[in-house]
Amino acid sequence: AFWQGSAAWLAQHLWEHYAFGGDRRYLRERAYPLMKSAAEFYLDWLIEDGSGHLITSPSTSPELKFRLPDGSVAAISAGAMVDRGLIWDLFTNTIEASQVLGIDGAFRDRLIEARRRLWPYRIGSRGQLQEWLEDWPEEDPQHRHFSHLFGVHPGRELTPEETPELFAAARRSMELRGDEATGWSMGWKINFWARMRDGDHALKLLSNLLRPLD
């Protein structure tokens, strides 16, 4: 399928391979050129909105639709929060990679400035982390995807120390979405609760994952 966020997510694995191993030759020759190219794409994709922030358009929150005030259902908008989380993560990793390698200072400055201007997260009327720029209700309130929480996991932008209010809103999103899931999304929920430092809830979902089917 065609999805503009895939390059950023895949590039995260390149950075984490370096982060866990510390192989600078790998970072310089293999990972960084791909990360930089992906970052160049997102710099070109971002546009300025009326408030001066940088957003993506068109944009979706994969596989989930939202309801508009007139009752109709839509999937495509501008500035879905999953894009913001992915781009912040890629830009941050690429910035750090360029610092480790001591190269591309001017490009690094462009990324730092663009990251600063990314559209902000918002907290919705239910106390949840909004999935879209507007506080639209989900077509499926218990949808199995948590795309807008990429900044919690596998990203590292949203933490209880650095962003406590947004972190609490992310937890509220998880509570509203519920514990039921299938396949890989159950594993993602387990990891989310682990990032929330709620081992009991993570264990509950792990038990759900491993239960026998009738």
- line: Counted residues in segment 91-102 being open to solvent by less than 10 Å² (accessible area, probe 1.4 Å) and touching a residue at least 60 places away in the same chain (Cβ under 8 Å) come to 5
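Here is a yes/no grid of residues against (1) open to solvent by 50 Å² or more (accessible area, probe 1.4 Å); (2) assigned to a loop (DSSP other than H, G, I, E, B):
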| site | (1), (2) |
| --- | --- |
| ALA38 | no, no |
| ASP44 | yes, no |
| GLY50 | yes, yes |
| VAL82 | no, no |
| LEU86 | no, no |
| ASP89 | no, no |
message: Restricting to segment 123-140, name every residue that is open to solvent by 60 Å² or more (accessible area, probe 1.4 Å) and either touching a helix residue (DSSP H, G or I) at 6+ places or on another chain (Cβ under 7 Å) or not in a loop (DSSP other than H, G, I, E, B) (or both).
response: ILE123, ARG126
message: Residues to consider are GLU29, GLU113; find the one that is acidic (Asp, Glu), within 21 Å of THR163 (Cβ to Cβ), at pLDDT 95 or above and out of contact with any Cys (no Cβ under 9 Å at 6 or more places or on another chain).
response: GLU113
message: Quick check on segment 149-158. Is at least one of its residues in contact with a helix residue (DSSP H, G or I) (Cβ under 7 Å, 6 or more places away or on another chain), aliphatic (A, V, I, L, M) and surrounded by fewer than 20 Cβ atoms within 10 Å (Cβ to Cβ)?
response: no
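The values are calculated or read from the model by the stated rules, or taken from the named source; none is laboratory data. The structure presented is a predicted model; accordingly, all values stated were derived computationally and were not measured. Heads up, the Cβs are rebuilt from the backbone with ideal geometry, glycines too, and the neighbour counts pull from every protein chain shown. The accessibility values were calculated without ligands, DNA or RNA, using every heavy atom of the protein model including side chains. Shrake-Rupley method; radii C 1.70, N 1.55, O 1.52, S 1.80 Å.
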